[in-house]
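See structure below.
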Amino acid sequence: MKITKQVVEKHGLNPEEFSTIKKLLKREPNLLELGIFSAMWNEHCSYKSSRKHLKNLPTRGKQVIQGPGENAGVVDIGDNDAIVFKIESHNHPSYIEPYQGAATGVGGILRDVFTMGARPIALLNSIHFGSPEHFKTKNLLNGVVSGIGGYGNCIGIPTVAGETKFNSTYNENILVNAMAIGHAKKDKIFYSKAKGLNKSVVYVGSKTGRDGIHGASMASAEFDENTDEKKPTVQVGDPFTEKLLMEACLELMKDNSIISIQDMGAAGLTSSSVEMASKGELGIELNLEMVPCREDKMTPYEMMLSESQERMLIILEEGKEKNAKKIFDKWDLDFVIIGKTTDTNKLVLKFNNIIEGDIPISALASKAPIYDRKWIKKKLPKKKVDLKKLKKIKFEDALLKILSSANHSNKSWITEQYDQMVMCDTVKKSGADAAIIRIHNKDKAIATSVDSSANYCKAYPFSGGKQIVCENWRNLISVGAKPIAVTNCLNFGNPENPEVMGEFAECIQGIKESCEFLNFPVVSGNVSFYNGTNKKNINPTPVIGGIGLINKLIEPIDHQFKNDKSVIILIGKTFGHLEQSVFLEEIYDNKEGLPPEVNLTNEKNNGECVLELINNSLVKSIHDISSGGLAVALAEMAMGTDYGVKINKPKNLTNLFKYFFGEDQSRYILEIEKNKLEKVEKILKKNNIFYENIGTTQKKYFEIQGEFKSDIKELYKINNQWYNNFNGFTY
């Protein structure tokens, strides 16, 4: 095929990039080579628009074994135990084909974890959909949840936590972010860096088909009115084969056969071979007629760019091939030597002894373009929301409307689709501030949570980036875990738009500041650009997935009230920040103003003191305050239990709604038994922590002095009614 301007454009390359390719090759590429450059130079694989900013993130720490740059991040949790974890996006495929898009997102992130030598122990997700009224939302929601559950349940990994949010910004571009966590031995971590010459390059797993071709390139472009035509670029997953592949790889990893290993994810055989060679500063030669194919007459172009699932590329030590093949034969998987490492520093592709491609590895990796795109700093709004001009509303009406809204209703109808208890190490599942997973046969555990806050990031990206890290920190603290590290999935619109690029740059600055101050390093992550349709971009949506350590798991702390007549303590100052709050959005459809200020000193001091109280067994239940403010957090602690609250209004209260619905940061609600109150107050005063004694728990009723009283069972019923109005959950 002749390489025309249209062919280049179809491959997602601009004229300047194509000109650079010709200079690097000192000739014009053929179609196969053009396809490989397209795969390796797109945003999804090269990070060409984000790399400059990502370098600013803190990635090192006392417990960090492996930071960004590998398949997943690795942290040390002591006793030769390590936790391997990462989050990635599968947004575009899930919008085009929700079931398979979400399912293969789960499969891909699992391979990122077990390719490092870790057995996966938990899955999480952050999923964002358009307005519930939008005609596509219900089908997309049902398909995505079914895909996540279908894959995770079949492979036998518990899906333990996540978030589901709705906003019209996602009407034409949903977000599906999948996170996986694995447990490995610190001295048995596997990497993707190739080593040695003439070492066997081995293809293992499923056969290669024509599904997913140009999947990575498709994920690096905006949608338009022709999105349905891209369905052939969505991969098809098979969780049963993935289970076999996982067990075969983990079995092979027990000895010293593997030099390096890489899953075939985005860009398939292309990215896996190039990344291994690039990291090892070697060349790779592949004989493509050896690639196991499940379809007839597949071309080298199709083999190299296919994103068929459940496949790995392994470089083996000499003489280990026979034993390794026995293992994969036992698990009924393909095992084929398709090439070797070389000293050429080139990717050489042969098909029936004819060289079809010959590209310097550096041209695909280190010499891929890096852009310093123009960006615009977000302007601060000139005026604040004038609450006096808003229509008056009763406290009862406000609280009930929020609790019955799509974003704050009970989501158990989603989490019930997932097996959360398989493997029998899930100690705390969905619904808590963070999930808790026991390290098998040990009395220590990890806590994990995913969080996002698109409205804060849209209003002021720097504050939004800071806040979402702190929200994740508080969630881990609230279950008694010491926060260790985070992974992030950065979902943004078109980076060629200076406003979008500004949102990205400022969010990164905010994440950096919080992570540095809290000693909460970023060890892995993913950037997803071009989330939008017809030049309408989504709101900036960075997702943070955090890991915390519980050294001694005795009795896990909960977020729901446990006793009658306990004292309720509010940690942290309440200033009454209502701008960008759930209250203003749900009640008045008001999206103006700045997000709340984030004071990192208060965040750290309050969190560390709360952790001290938990470790001294002084807290009966705890919940951090975030979206919806104090009133919503109290309701969440009461609903589904036998205990409500009796809350006293502060003296000299100037604004009821500011106090109960303000979204000030660094705050927690603690349930304290009366006989432990003195000890608690002594520790709070010693650490100079601001706190208020705001009331007590009581049986049956949720009560705010002089404003509202309801049976907690009625609150729970109201909290579940949005699902009933959504007309069921079927796919």
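The values are calculated or read from the model by the stated rules, or taken from the named source; none is laboratory data. These numbers were taken from a predicted model, which means no experiment stands behind them. Here Cβ is always computed from backbone atoms with ideal geometry, including for glycine, and neighbour counts include all displayed protein chains. The area values use the complete protein model at the heavy-atom level, side chains included, leaving out ligands, DNA and RNA. Shrake-Rupley method; radii C 1.70, N 1.55, O 1.52, S 1.80 Å.
A few remarks follow.
- Taking first residues from region 458-470 that are within 14 Å of residue 517 (Cα to Cα) and partners that are assigned to a helix (DSSP H, G or I) and of a type in the set (Gly, Ala, Ser), the Cβ contacts under 6 Å between residues at least 6 apart in sequence or on separate chains come to 465/510; 466/510; 466/514; 469/514; 470/514.
Okay, residues lined up against (1) at pLDDT 95 or above; (2) over 32 Å from the mean Cα position of the chain (by Cα); (3) not β-branched (Val, Ile, Thr):
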position: 260; (1), (2), (3): yes, no, yes
position: 269; (1), (2), (3): yes, no, yes
position: 288; (1), (2), (3): yes, yes, yes
position: 301; (1), (2), (3): yes, no, yes
position: 308; (1), (2), (3): no, no, yes
position: 341; (1), (2), (3): yes, yes, no
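- Of the residues in region 695-712, not one is assigned to a helix (DSSP H, G or I), of a type outside the set (Val, Ile, Thr) and open to solvent by 50 Å² or more (accessible area, probe 1.4 Å).
- In the condition set (1) part of a helix (DSSP H, G or I); (2) without any contact (Cβ under 8 Å) to a residue 12 or more places away in the chain; (3) hydrophobic (A, V, I, L, M, F, W, C), residue 660 is compliant with all but (2).
- Residue list for region 480-529, restricted to those being in a strand (DSSP E or B), in contact with an Asp or Glu (Cβ under 9 Å, 6 or more places away or on another chain) and small (Gly, Ala, Ser): 524, 525, 528
- Tallying residues that are in contact with a helix residue (DSSP H, G or I) (Cβ under 6 Å, 6 or more places away or on another chain) and open to solvent by 10 Å² or more (accessible area, probe 1.4 Å) within region 436-448 yields 0.
- Any hit, region 24-37, residues being among the small types (Gly, Ala, Ser) and open to solvent by 10 Å² or more (accessible area, probe 1.4 Å): no
- When residue 93 is tested against (1) in contact with a Gly (Cβ under 8 Å, 6 or more places away or on another chain); (2) modelled with pLDDT under 95; (3) surrounded by fewer than 24 Cβ atoms within 10 Å (Cβ to Cβ), only condition (3) is not met.
- Within region 388-435, the set of residues being of a type in the set (Ser, Thr, Tyr), outside any helix (DSSP H, G or I) and open to solvent by 30 Å² or more (accessible area, probe 1.4 Å) comprises just one member, 430.
- Restricting the first member to region 158-171 and to residues that are over 18 Å from residue 87 (Cβ atoms) and of a type in the set (Ser, Thr, Tyr), and the second to residues that are open to solvent by less than 30 Å² (accessible area, probe 1.4 Å) and part of a helix (DSSP H, G or I), the beta-carbon pairs closer than 8 Å and six or more apart or on different chains are 169/454.
- Condition check for residue 669: touching a residue at least 12 places away in the same chain (Cβ under 8 Å), open to solvent by less than 50 Å² (accessible area, probe 1.4 Å), more than 30 Å from residue 148 (Cβ to Cβ) and aliphatic (A, V, I, L, M): yes
- Residues located in region 253-277, provided they are under 21 Å from residue 197 (Cα atoms) and part of a helix (DSSP H, G or I): 269, 270, 271, 272, 273, 274, 275, 276, 277
- Here is the figure for region 325-357: residues that are under 19 Å from residue 271 (Cβ atoms), part of a loop (DSSP other than H, G, I, E, B) and open to solvent by less than 20 Å² (accessible area, probe 1.4 Å) total 0.
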